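Structure, as structure tokens:
The values are calculated or read from the model by the stated rules, or taken from the named source; none is laboratory data. The structure presented is a predicted model; accordingly, all values stated were derived computationally and were not measured. FYI the Cβ positions are ideal-geometry reconstructions off the backbone, even for glycines, and counts take in every protein chain you see. These area figures cover heavy atoms from the full protein model, side chains too; ligands, DNA and RNA do not enter into them. Shrake-Rupley method; radii C 1.70, N 1.55, O 1.52, S 1.80 Å.
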Amino acid sequence: MLSSARAAGTLLLPATMFVLVEMTDTVRIPPWQFERKLNDSIAEELNKKLANKVVYNVGLCICLYDITKLEDSYIFPGDGASHTKVHFRYVVFHPFLDEILIGNIKSCSQDGVHVSLGFFDDIIIPPESLQQPTKFDEAEQVWVWEYETEEGAHDLYMDIGEEIRFRVVDETFVDTSPTGPSSAETSTSGATEEVQKKEAPYTLVGSISEPGLGLLSWWTNS
């Protein structure tokens, strides 16, 4: 989780699950980079700091789009580096609610179907948001849609790796920034348990409980 960069506004990109977010941050450039162009050094530092990181309540940062403004640079006593306040726009993955996306089934569990977009894996489709009626096949560890037809029910398996179309219905941001110990009496076992329960900083909740959603193979004309 990264939260020090400040987001000022957003602009939708053609692929709407990505947005341009206006941000400001103060970038430190060490003395050995002074021979380079300032813009190049700042762009590298911003990508090093933000790329593939989640900014709380903003989304997953992908890459720098452009730098819109550089304020004056300062060198502080005791630090030979320059410090520059930068206004910039960053490409961020943050789909809007009700947006329809296509991913691949990563795994299935009693909690639901886990979906990956390749670059983002923290997507869950809970059991109540699957096509109904469904059941969880313990032996195969997959969810099965019991599709009713005039000839009877047909089991449609949600196999690992299959392409799946889903609607984004909810999102959750968790502040995972480091914090100090809440109590001096915290035990080692308690700390270990807390690590095991560490949550993803950004999670999407999907739904396929409507016609046209679910595995792409379900809706392909034969």
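Can you pick out the pairs among Lys48/Lys69; Lys69/Lys106; Lys37/Lys198; Lys69/Lys198; Lys85/Lys106; Lys53/Lys106 whose Cα atoms lie more than 30 Å from each other? Violating the 30 Å limit, Cα to Cα: Lys69/Lys106; Lys37/Lys198; Lys69/Lys198; Lys85/Lys106. For the range 18-93, the per residue solvent-accessible surface stands at 53 Å², with DNA, RNA and ligands left out and a 1.4 Å probe.
Report note on the peptides 143-155, 165-177: ranked by the mean count of other C-beta atoms within 10 Å, highest first, their order is 165-177, 143-155. The 3J(HN,Hα) values that the Karplus relation (6.51, -1.76, 1.60; θ = phi - 60°) gives for the range 115-123 are, in residue order, 10, 10, 9, x, 9, 9, 10, 8, 10 Hz. Gly and Pro appear as x. Over the heavy atoms of Tyr157, what accessible area does a 1.4 Å probe trace out, to the nearest 10 Å²? Tyr157 exposes around 80 Å² with every protein chain in place.
In this structure, the amide hydrogen of His94, modeled 1.01 Å from its nitrogen in the peptide plane, lies closer than 5 angstrom to those of Phe18, Val19, counting only residues at least 5 positions away or on a different chain. Neighbours of Ala43 by Cβ distance under 13 Å: Lys/Arg scored +1, Asp/Glu scored -1, total 0.
Figure note: Phe120, Phe136 ranked by solvent-accessible area, largest first, 1.4 Å probe, ligands and nucleic acids not counted: Phe136, Phe120. Surface composition of the range 18-93: carbon and sulfur atoms hold 52% of the protein heavy-atom accessible area at a 1.4 Å probe.
How would Cys108, Cys63 line up by accessible area, probe 1.4 Å, largest first?
Numbers: Cys108 15, Cys63 55 Å².
Largest accessible area first, the list is Cys63, Cys108.
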